[in-house]
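Notes follow once the structure below has been shown.
The values are calculated or read from the model by the stated rules, or taken from the named source; none is laboratory data. Remember, it's a predicted structure, so these values are computed and weren't measured experimentally. We place every Cβ from the backbone using ideal geometry, glycine too, and count neighbours over all the protein chains shown. Please note that ligands, DNA and RNA were not included when accessible areas were found on the heavy atoms of the full protein model with its side chains. Shrake-Rupley method; radii C 1.70, N 1.55, O 1.52, S 1.80 Å.
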Amino acid sequence: MSHLPSGPERRRLGLDAHITRRDFVNGVLVGAGAAVLGASSSNVAAASGRACRRTASEPATAAPAIGEDTFTGYGGVGDYARANGNTWPVVQAAHRLRDGQYDSAALANAKAAGDFDLVVVGGGIAGLSAAYYFIKATGVGRRVLLLENHDMLGGEARQNEFVVEGERLLGPQGSNDFIVPERGKGSLLDSFFAEFDLPREYAWQSWDSKLRPLRFARDNYSNMDGFQESQVDIGYFFGTAGCRKNIWANALAETPFSATARRDLLKWRANHWPISEAESRHLDTLTYKDYLEKVCGYDPAVTRMVEPIVGLLSGVSSDAACARLGRQLVEAPDRAMAVSFPGGNSPFPRALLRGLLTDSLPGKDFSTLMYGPMNFEALDRDGQSVRIRLNATALRVEHANGDASRDSLAVTYERGGSLFKVGARAVVMASGGWINKHTLVDMPPDLRAAYDQFSYAPALIANVALRQWRFLYDMGITACRWFDEGDGIGYCCNIRQNMVTGGHSPVLHPDRPAVLAFYMGLPIPGLPAAVQGATSRAKFLATPYMDFELRIRRQMMALFASRSFKPERDIAAIVLNRWGHARLIEPPGFHYGVEGRPSPLERAREGYGRVAIGHSELNGAQHWGSALEYGKRAGEKVAAML
Ligand SMILES: Cc1cc2nc3c(=O)[nH]c(=O)nc-3n(C[C@H](O)[C@H](O)[C@H](O)COP(=O)(O)OP(=O)(O)OC[C@H]3O[C@@H](n4cnc5c(N)ncnc54)[C@H](O)[C@@H]3O)c2cc1C
C-alpha cells in the first residue's frame with residue numbers, strides 16, 4: 001500500500017482537484033464538484049437515481065485501512081452506481097459464507113418466503129438466460145425466483161455511467177466486446193439476435209474531417225496485442241526509450257527490441273493459423289511459456305510482450321497458463337475488429353430481462369435497451385410468475401432431507417441482514433464454482449472433488465472519465481501499450497469510437513469528454529497457477545480505492561505528462577471495477593483432463609439431483625455467448641425434469 005503524497009507531488013497528480021471521488025455525499029454532488037463536472041447537481045442527482053451508499057471524504061493524508069468507504073470509491077451515476085464490480089457487501093457476505101460464519105440455528109430458522117418451481121442463483125447473462133429459456137420451454141404459468149447478490153443485474157456484463165460536462169458516457173465494467181453473429185446461420189447467437197431484434201449493423205461516432213485523421217478501436221481489446229494496428233493508432237511506451245507509434249507497421253524497425261527479439265516477435269505474429277482438435281489437445285499439456293520458448297524457440301521478449309495479455313485473459317502468467325489458451329487468445333493478426341456497445345455487453349442481459357419482465361425496461365427500441373432506466377418496481381411484485389430479487393445472497397441450497405433423489409429443495413438466502421428460505425422443485429446455479437462449493441451443501445463427493453480443482457484469478461477494470469483528451473490527439477494515438485519494470489499499473493488503455501443511436505450520440509472530439517479504459521489482470525509469474533490467483537486476489541481485495549487511484553494517476557503522468565495532460569483539469573472521475581473471480585484458471589490438463597481422468601469441467605456440467613449448473617466458466621474460455629449457452633442448457637434441463 002503506498003502512502004498518499006503531499007506537497008508538490010500531490011499537486012502534480014491533481015489530487016487536490018475536486019473529482020467525484022470525494023465530492024459525493026450519499027449520492028448527491030456537493031459544492032464545487034458540480035461546477036467541475038460541468039453538470040448541474042440536480043442533473044447528476046437525477047441521473048444517479050437511487051441513493052448512493054458511499055460517504056466521500058475530503059482528500060486523505062494517509063492511505064486508509066480497507067473498509068466499505070475505502071474499498072469502493074466512486075461508482076458513477078445511474079442504475080449501476082452502486083454496483084461497480086464486486087461490491088464490498090457482496091464480498092463480505094461471500095467471505096462470511098466461505099468462513100462458516102453464518103449461525104446454523106439462524107439458517108435453520110430462516111423465515112419462509114414461498115415456494116417456486118425454479119430458483120435461479122445469479123443474475124448475470126447465464127442466470128437470466130436459464131430463467132428465460134426455462135419459461136420458454138415450460139410456459140408462463142411457472143413460478144420462478146432469481147436471486148442476485150448485487151444491487152443490479154448483469155453480472156460481469158454491467159456498465160458504468162458518467163455525466164461529464166453535461167454529456168452522458170457509458171463504459172463497460174468488464175464484459176466488453178462481441179462478434180456480430182452471421183444472420184441465418186441458425187447458431188444460438190444468431191437466434192438470440194433475431195429473437196430480441198438486436199441490430200447487426202451500427203452507426204458510430206463521426207470524426208470531424210478538419211481534425212487530423214485518427215483511428216479508434218470500437219472495443220477495449222483490439223489495441224492490446226497490436227494485432228489490429230491496421231485499424232487503430234496505438235502508442236507504445238518504452239520507458240526512457242520513448243514512445244513509438246504503430247510499431248508493427250514497419251516491422252518493429254524503430255523499437256528498442258534486439259534484432260533477435262524483433263525477428264521472433266514477427267514470427268510469433270505470423271503464427272496464427274487455426275489449430276485442429278488434436279493440436280488443441282496437445283497444447284493443453286504445455287504451458288504457454290514452454291510453447292513459446294521451448295517448442296517455438298522464441299526469444300523471451302516474445303513471452304514478455306504477451307505476458308500481460310495472457311495475464312488478463314487467462315488470469316495467470318504464461319508460465320502457468322496452458323498453451324492452448326495462450327495460442328487462442330492472442331494470435332490472430334488483423335482479424336475483423338470486434339465491436340462493443342457503449343456499456344460493453346450489458347445490453348445482452350438487459351434484453352433477456354426485457355424478455356422475462358417486459359415492463360422492467362420500458363420501451364422496445366435499441367436505444368432504451370442500452371440507456372433506459374430500469375423499473376426496479378417491476379422486478380419483484382406479488383403475483384407475477386417471474387420474480388427477481390436483488391441484494392439477495394444465496395447461502396444454502398439443499399435437497400429435502402439431504403437426499404438428491406428427492407424432487408424438492410430448499411434455498412436459504414440473506415437479504416438486508418435477514419435470512420429467508422424458499423422451496424423449489426429445481427435450482428439452477430448460474431453462479432461460479434467458487435461460491436457453489438459453499439452453497440451446494442449436499443453436493444456429491446465427486447462434484448466437490450471436481451470443484452476443488454477450480455481456481456480463479458482477479459481482474460481490474462478502471463474507467464477514467466476525461467473532460468477532454470487532447471493529450472492523446474496531439475500524439476496521434478487513441479490507445480497506449482506500455483512496457484515497464486513492474487513499477488506501473490496495467491499495460492494498456494484506450495478510448496473507443498462509440499456506437500451511437502437515435503437517442504444518444506455523444507460527440508467524438510479531443511476537446512470533449514470520453515472514457516479512457518484500463519483493462520488489467522494481476523498475474524504473479526513464477527507461482528503455481530492456483531497460488532497466483534489466490535495471492536493476487538487477496539492483495540487486490542485489500543487495496544484501498546485511493547491506492548489504485550494514485551497508481552492510475554502516476555501511470556497517466558508517466559505516459560502523458562510531456563504532452564498537454566493536466567490531471568486536475570482532465571480527470572473528472574475514476575471508477576474501479578474489481579472482479580475477484582474474473583477468470584477460471586486453466587493450467588495444463590484442466591480443459592481436457594489428464595491421463596484418462598476426465599476434466600473437472602465435465603463433472604461440473606452434469607450437476608446432480610435437481611440442481612443444474614449453468615455458468616460461462618463451464619465453457620473453459622468465458623464469454624457472453626458461453627454464459628447464454630450454458631444458462632440455456634441449464635434452464636432447459638430443469639424444464640425437462642418438471
Ligand atoms: C473483466 C472481464 C472482461 C470480460 N470481457 C469479455 C468480452 O469482452 N467479451 C465477452 O464475450 N466476454 C467477456 N467476459 C466474460 C463474460 O462477460 C462472462 O463470462 C459472462 O458475462 C459471465 O456471465 P455469467 O452469468 O456466467 O456469470 P456472472 O456474470 O459472474 O454472473 C453471476 C452472477 O451471480 C451472482 N452471484 C454469485 N453468487 C451468488 C449468490 N450466492 N447468490 C446470489 N447471486 C450470486 C454474481 O454476483 C453475478 O452477478 C469478461 C469478463 C470479465 C470479468
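Listing for the model above:
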item: Within the accessible area of the stretch 511-635 (1.4 Å probe), percent carbon and sulfur; result: 53 percent
item: Area accessible to solvent at Phe116, 1.4 Å probe radius, in Å²; result: 10 Å²
item: Residues listed by number, the stretch 340-361, amide nitrogen under 17 Å from Glu377 label point at 7 Å toward C-beta; result: 357-361
item: Rounded, prolate or oblate (a/c below 1.5 giving rounded, otherwise prolate when a/b exceeds b/c) for the stretch 185-241 by Cα gyration tensor; result: oblate
item: For the stretch 571-584, Karplus couplings with θ = phi - 60° (6.51, -1.76, 1.60), whole Hz, Gly/Pro x; result: 8, 9, 6, 10, 10, 9, 10, 9, 10, x, 10, 5, 10, 6
item: At least 27 Å along the helix axis (C-alpha) and Kyte average at least 1.0, DSSP helices within the chain; result: none
item: Cross-link partners of Lys294 among lysines (Cα-Cα below 21 Å; sequence separation of 8 or more within a chain); result: Lys267
item: Potential lengthening between Glu254 and Asp16 on full extension [0.36 nm per residue; Cα-Cα distance subtracted]; result: 81.8 nm
item: Under-5 Å amide H pairs with Phe116, H placed in peptide plane, nonlocal only; result: Gly423, Ala424, Arg425
item: √(5λ) per eigenvalue of the Cα gyration tensor, the stretch 364-467, largest first, Å; result: 31, 23, 13
item: Cleavage-rule hits, trypsin sites (Lys or Arg not before Pro), the stretch 123-218, DSSP coil, Cβ neighbours within 10 Å at most 10; result: Arg183, Lys185, Lys210
item: Reach of Lys289 by Cα under 17 Å, taken over aspartates and glutamates that are not fewer than 8 positions away in the same chain; result: Asp225, Asp264, Glu279, Asp299, Glu307, Asp319, Glu331, Glu586
item: Residue-normalised accessible area of the stretch 599-639, given per residue in Å² at a 1.4 Å probe; result: 28 Å²
item: Estimated FRET transfer efficiency (Ala105, Ser408; beta-carbon r; R0 25 Å; 0.05); result: 0.65
item: More than 16 angstrom apart: percent of Cα pairs within the stretch 564-614; result: 67 percent
item: Overall dimensions of the stretch 249-376 by Cα: Rg and Dmax, Å; result: 20.8, 62
item: Relative contact order (%) - criterion: Cα under 8 Å, at least six apart; region: the stretch 433-494; result: 23 percent
item: Theoretical gain in end-to-end length, Ile179 to Lys294 [0.36 nm per residue, Cα-Cα removed]; result: 38.1 nm
item: Gyration tensor verdict on the stretch 212-293 (Cα atoms; rounded if a/c is under 1.5, prolate if a/b is larger than b/c, oblate otherwise); result: oblate
item: Residue-level accessible surface for Asp487, protein heavy atoms, 1.4 Å, Å²; result: 130 Å²
item: Val164 long-range amide H proximity, modeled H, under 5 Å; result: Leu169
